[in-house]
Amino acid sequence: MACQRAPVDSAFQFSSDASSRAGLTAVADGVLLGNEAGTVLRLDREGRPVWRVSLGREVAVAPVEAGSAVIAGTVVGDVVCLGLEDGKERWRLGGEPPVRTPPVVDESHRRVFLVAPDGAVRALATDSGQVRWKRPAPKPQVPSPALPGVPPEGGPAPAPVMVEGVLVVALGASGLWALEPETGAPRWSLPVTDVVGLDSERDTVFVATRPGRVLALSVKDGSTRWEQRLADGVTGPPARALGALWLGAGPSSLVGLSTSEGREVARVVLPSPLLGRVQVGLEDLLLVPTSGREGQLVALRAPGWTPAFTVRADTSLRTRPVVRGPLVFVLGLDGRVLAWRLRVPPPT
């Protein structure tokens, strides 16, 4: 992919001392992350650790911010609440199901929702860890050789989304479910399986499946607003950005779809597959993390989606960048956090 010399400056590199697939969580002045050694870190904008906590076992998904708290889980079923400012432990639950699906917090920050590998869903009070409700795993809606909640290839399961006060959860072979966040009662369910990821816009849920099915659903009743099929399958979850829905498509492409109609509006060949989500930088740049060994972050300029620049991380980029003003943070598979300061690129 030919492009200009990168109009970026390296801001910092920070090693978390272990590999990580968890992704970054944006906070007001920096980022949170977890790694395979069980460390949870908060970094400021300059790449300096604000605090570091060891949970002892792998943190496989990104921690979630809940007001003044951070909630993180491990692959052995520890769920821990830490203070956002100081990292001090507020409460801990042990003996829970492994945390392999990113937690989601409601709009009030009073509940955190966790999905177990078998598809059970539970809501915990963020201030105490007390169980507010638990919904057992539903029966599979379609036959599957895999366990109901286990994602393909052993990676993290798709994160639930909160839309118009409804919790929408992908439960593997058990399909797609919309639940009442207050009680866990189901609103609707659909036999949509092999889900790569979810996103939302107003009262619409966007769903992408690994075989290439992309759906826009009404959050009210699950009815289909549009459907698109990508012949080469989907490699990365959907993300709304700059007026379109973007997702990775096989073998190494970025596809943009109209959010209102589902028609294809852009297709860009990438140096390696997109496994994470895109992000917006400097208002009109689409930042695309790629998963090859070189870990190239590709910047495309709206509205023509022509390459503005590419920077190399020298480690696979599999999760979404975080943008704070001109700063872009990425998490490499090797556990390094890299940050670049963007300059407005000249027009081509």
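The values are calculated or read from the model by the stated rules, or taken from the named source; none is laboratory data. Not measured: the values here are computed from a predicted model. Note that we place each Cβ from the backbone using ideal geometry, even for glycine, and neighbour counts take in every protein chain shown. Note: areas computed on protein heavy atoms with side chains; ligands, DNA, RNA excluded. Shrake-Rupley method; radii C 1.70, N 1.55, O 1.52, S 1.80 Å.
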With (1) aliphatic (A, V, I, L, M); (2) buried (at least 19 other Cβ atoms within 10 Å of the Cβ); (3) modelled with pLDDT of 95 or more as the list, and Val280 as the residue in question, which single condition is left unmet? (2)
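Those residues that are open to solvent by less than 20 Å² (accessible area, probe 1.4 Å) and touching a Lys or Arg at 6+ places or on another chain (Cβ under 7 Å), I need them from segment 28-38; list them, please.
At the first step, the residues of segment 28-38 found to be open to solvent by less than 20 Å² (accessible area, probe 1.4 Å) are 30-35, 38.
Result: Gly30, Leu32, Gly38.
For (1) in contact with a Phe, Trp or Tyr (Cβ under 8 Å, 6 or more places away or on another chain); (2) at pLDDT 95 or above; (3) closer than 20 Å to Gly83 by Cβ, each residue gets a yes or a no:
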| position | (1), (2), (3) |
| --- | --- |
| Ser20 | no, yes, no |
| Thr25 | no, yes, yes |
| Asp29 | no, no, yes |
| Leu32 | no, yes, yes |
| Glu36 | no, yes, no |
| Val40 | no, yes, yes |
| Glu46 | yes, yes, no |
| Val50 | no, yes, yes |
| Ser68 | no, yes, yes |
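Residue check: is Val150 β-branched (Val, Ile, Thr) and at pLDDT 95 or above? Please lay out each step first, then the result.
Values: β-branched (Val, Ile, Thr): yes; at pLDDT 95 or above: no.
The answer is no for Val150.
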Just checking, does segment 66-88 include any residue being in contact (Cβ under 8 Å) with a residue 40 or more places away in the chain, surrounded by fewer than 16 Cβ atoms within 10 Å (Cβ to Cβ) and not basic (Lys, Arg)? yes
Pairing a residue in segment 319-333 that is among the hydroxyl-bearing types (Ser, Thr, Tyr) with any residue that is in a strand (DSSP E or B) and open to solvent by 10 Å² or more (accessible area, probe 1.4 Å), where Cβ atoms lie under 6 Å and the two sit 6 or more apart in sequence or on different chains, gives none
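Return yes or no: is Gly56 under 20 Å from the mean Cα position of the chain (by Cα) and either farther than 21 Å from Thr126 by Cβ or modelled with pLDDT under 95 (or both)?
Numbers: under 20 Å from the mean Cα position of the chain (by Cα): no; either farther than 21 Å from Thr126 by Cβ or modelled with pLDDT under 95 (or both): yes.
For Gly56, the condition - under 20 Å from the mean Cα position of the chain (by Cα) and either farther than 21 Å from Thr126 by Cβ or modelled with pLDDT under 95 (or both) - is not met.
Just give me the residues in segment 42-61 being open to solvent by less than 60 Å² (accessible area, probe 1.4 Å), among the charged types (D, E, K, R) and outside any strand (DSSP E or B), in sequence order. Give the steps one after another, and end with the answer.
So in segment 42-61, the residues open to solvent by less than 60 Å² (accessible area, probe 1.4 Å) come out as 42-44, 47, 51, 53, 55-56, 58-61.
From what's left, among the charged types (D, E, K, R): 42, 44, 58.
Listed by number, the list holds a single entry, Glu58.
Among the candidates Thr183, Thr193, single out the residue that is buried (at least 18 other Cβ atoms within 10 Å of the Cβ), out of contact with any Cys (no Cβ under 8 Å at 6 or more places or on another chain) and part of a loop (DSSP other than H, G, I, E, B). Before the answer, list the steps.
Numbers: Thr183 fails: buried (at least 18 other Cβ atoms within 10 Å of the Cβ).
After ruling out the rest, the residue left standing is Thr193.
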Any residue at all in segment 212-220 that's touching a residue at least 24 places away in the same chain (Cβ under 8 Å), closer than 18 Å to Val278 by Cα and not small (Gly, Ala, Ser)? yes
Listed by first then second residue, the pairs whose first member lies in segment 235-256 and is free of Cβ contacts under 8 Å to residues at least 24 places away in the same chain and more than 18 Å from Gly292 (Cβ to Cβ), whose partner is of a type in the set (A, V, I, L, M) and assigned to a strand (DSSP E or B), with beta carbons under 7 Å and at least 6 positions apart or on separate chains, are Ala244/Leu257; Ala244/Val265; Ala244/Ala266
Given the conditions (1) on the phi > 0 side of the Ramachandran plot; (2) open to solvent by 10 Å² or more (accessible area, probe 1.4 Å); (3) of a type outside the set (Lys, Arg), every one holds for Glu264 apart from (1)
Could you check segment 230-239 and list, in sequence order, the residues that are crowded, with 18+ Cβ neighbours inside 10 Å and farther than 13 Å from Val196 by Cβ? none
